[in-house]
Amino acid sequence: LTAWRGDALAGSISMDVTGGGPDGAHLRWFVVAGSERGSGLGKELMARAIEHADRVAAGPVWLTTFAGLEAARALYERHGFILSSESEDDQWRGGVREQMFMRPAPAGAPVESSHP
């Protein structure tokens, strides 16, 4: 999903509802232009992506990010994400602490079982 202001890209979010593996849908990409911060655009993009995941995948949603993005973390937490793990492994080699956030499946969603 992309948002535009005139001919300028204002924000983008990508939710992979099929390739997230056993942890559910994977929020792969989320970025908002600095000029749009505080406008509510990030909240709108996140709400639409979560709504899509709930409608199509009806399971948990996860994302990875890194520590220090406090505004983004607050947005994730407002949408039901919980910090599930942190790691000093820095795949980007930028001196960051990687984090994983999980959002549980919506109430009433079918529960998958690995048992036959």
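The values are calculated or read from the model by the stated rules, or taken from the named source; none is laboratory data. What you see is a predicted model, and the numbers here were worked out from it, not measured in a lab. So basically every Cβ, Gly included, is an ideal-geometry build from the backbone, and we count neighbours across all protein chains shown. Surface accessibility is based on the protein's heavy atoms, side chains included, excluding ligands, DNA and RNA. Shrake-Rupley method; radii C 1.70, N 1.55, O 1.52, S 1.80 Å.
Name the residues in segment 4-26 that are of a type in the set (Asp, Glu) and open to solvent by 70 Å² or more (accessible area, probe 1.4 Å), would you?
7 - this is the single residue of segment 4-26 that is of a type in the set (Asp, Glu) and open to solvent by 70 Å² or more (accessible area, probe 1.4 Å).
Would you check which residues across segment 40-81 are closer than 22 Å to residue 97 by Cα, out of contact with any Lys or Arg (no Cβ under 6 Å at 6 or more places or on another chain), free of Cβ contacts under 8 Å to residues at least 40 places away in the same chain and of a type in the set (Gly, Ala, Ser) and list them?
68, 71, 74
Which members of segment 18-46 meet the condition of being at pLDDT below 90, under 14 Å from the mean Cα position of the chain (by Cα) and not small (Gly, Ala, Ser)?
23
Would you please name the residue that is surrounded by the most Cβ atoms within 10 Å (Cβ to Cβ), looking only at residues in segment 67-116 that are at pLDDT 90 or above and basic (Lys, Arg)?
Step by step, filter segment 67-116, then rank; the result is 103.
If I ask for residues that are within 15 Å of residue 80 (Cα to Cα) and either assigned to a strand (DSSP E or B) or open to solvent by 20 Å² or more (accessible area, probe 1.4 Å) (or both), which ones from segment 27-50 would you list?
Of everything in segment 27-50, those that are within 15 Å of residue 80 (Cα to Cα) and either assigned to a strand (DSSP E or B) or open to solvent by 20 Å² or more (accessible area, probe 1.4 Å) (or both) turn out to be 27, 43, 44, 47, 48.
Taking residue 57 as meeting all but one of (1) surrounded by 14 or more Cβ atoms within 10 Å (Cβ to Cβ); (2) at pLDDT 90 or above; (3) within 14 Å of residue 26 (Cα to Cα), write down the number of the exception.
(2)
For segment 18-39, check the following and say yes or no: at least one residue is touching a Phe, Trp or Tyr at 6+ places or on another chain (Cβ under 8 Å) and either of a type in the set (Ser, Thr, Tyr) or more than 16 Å from residue 103 (Cα to Cα) (or both).
No: zero hits.
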